Each structure stands twice: as structure tokens, then as C-alpha cells.
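Student: Pasting a structure here, questions to come.
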Amino acid sequence: MDTEFADVIGHDVTTITCLCGNTVSKEGLIQANSQGLPVFAGADKPVPAGLAPWPDDEDLYTLCPSCGRVYHDTVIEATGTAPVAFQVDVTAGPIADAIRVHWELST
């Protein structure tokens, strides 16, 4: 299978346009860990149930909550391209639960 690439401007992960058309300003893209699980950035607060802690090594990924494609931020920042690293199921299980928790905290 050929690698899929999202559009990205420069080397900026906040400018990704996912292959499904989602962007940061549309349905949002979420920072995630290497398993695609949304992470919690609140350093001075406990990690809410369902979310992963911010990675100590800051190895971050960007998750599209619409289609489940996951992009590796380090690759984007280094190359200026946004290949799909892997895809997760956003409709069930821990990923779906974490997305819900993430949006509840964001509102």
C-alpha cells in the first residue's frame, strides 16, 4: 500500500489538512501519543481518566478525530511533509472515549 500524505504548509503541524478534509479549525485535530491516544497537556493537574499523559520525550502525533489518521509531528517538522503514520478506530474503545474526554475538557 502506498503511503498517504496530508497537505501541510511549511513544517507547521497546526496547518495539516487531513486527507478527509479535517483541519485544526474545522472539527479539530488532537495531539496524541504514539498509540494515537489523545494526550493531556495540563502539567500542573492530574491526567483525566481516559487521556494519556503528555509524553516525557515530547514525541507527539496529531490525530484526526474524524477519520482516525495519525500523523507524526517529528516527521512533519523535519521534512515539511505529513505522511500518515498509522490509523486508529475513532468509533469505539479507548480512542473514542479519549476523544470524548478531550472535547469535554475543551468546552
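The values are calculated or read from the model by the stated rules, or taken from the named source; none is laboratory data. These figures come from a predicted structure and were not determined experimentally. Using ideal geometry, Cβ is built from the backbone for each residue, glycine included, and neighbour counts are taken over all protein chains shown. These accessible areas exclude ligands, DNA and RNA; they are computed on the full protein's heavy atoms, side chains included. Shrake-Rupley method; radii C 1.70, N 1.55, O 1.52, S 1.80 Å.
Student: Within the range 78-101, track down each residue that is part of a helix (DSSP H, G or I) and surrounded by 14 or more Cβ atoms within 10 Å (Cβ to Cβ).
Tutor: Passing the criteria: PRO94, ILE95, ALA96, ASP97, ALA98, ILE99, VAL101.
Student: Can you tell me which residue in the range 68-77 is farthest from ILE9 (Cα to Cα), limited to those that are more than 11 Å from the chain's Cα centre (by Cα) and buried (at least 16 other Cβ atoms within 10 Å of the Cβ)?
Tutor: Among those residues, the one meeting the criterion is VAL75.
Student: Right, another one. Take the conditions buried (at least 16 other Cβ atoms within 10 Å of the Cβ) and in contact (Cβ under 8 Å) with a residue 12 or more places away in the chain and apply them to ALA41. Does it pass?
Tutor: The answer is no for ALA41.
Student: Right, something else. Name the residues in the range 53-67 that are under 21 Å from THR15 (Cβ atoms) and of a type outside the set (S, T, N, Q), would you?
Tutor: Across the range 53-67, the qualifying residues are GLU58, ASP59, LEU60, TYR61, LEU63, CYS64, PRO65, CYS67.
Student: Here's something else I'd like to know. Which number in (1) open to solvent by 70 Å² or more (accessible area, probe 1.4 Å); (2) over 14 Å from ASP73 (Cα atoms) marks the one condition that PRO48 misses?
Tutor: Every listed condition holds for PRO48 apart from (1).
Student: If a residue has to be closer than 11 Å to THR62 by Cβ and not β-branched (Val, Ile, Thr) to count, how many in the range 13-32 make the cut?
Tutor: Of the residues in that region, 6 qualify.
Student: Mind listing whichever residues of the range 1-18 are open to solvent by less than 80 Å² (accessible area, probe 1.4 Å), of a type outside the set (Gly, Ala, Ser) and closer than 21 Å to ASP89 by Cβ?
Tutor: Selection gives GLU4, ILE16, CYS18.
Student: From the list GLU58, GLU27, which residue is modelled with pLDDT under 90 and either under 16 Å from ILE95 (Cβ atoms) or open to solvent by 40 Å² or more (accessible area, probe 1.4 Å) (or both)?
Tutor: Just one listed residue meets the conditions, GLU27.
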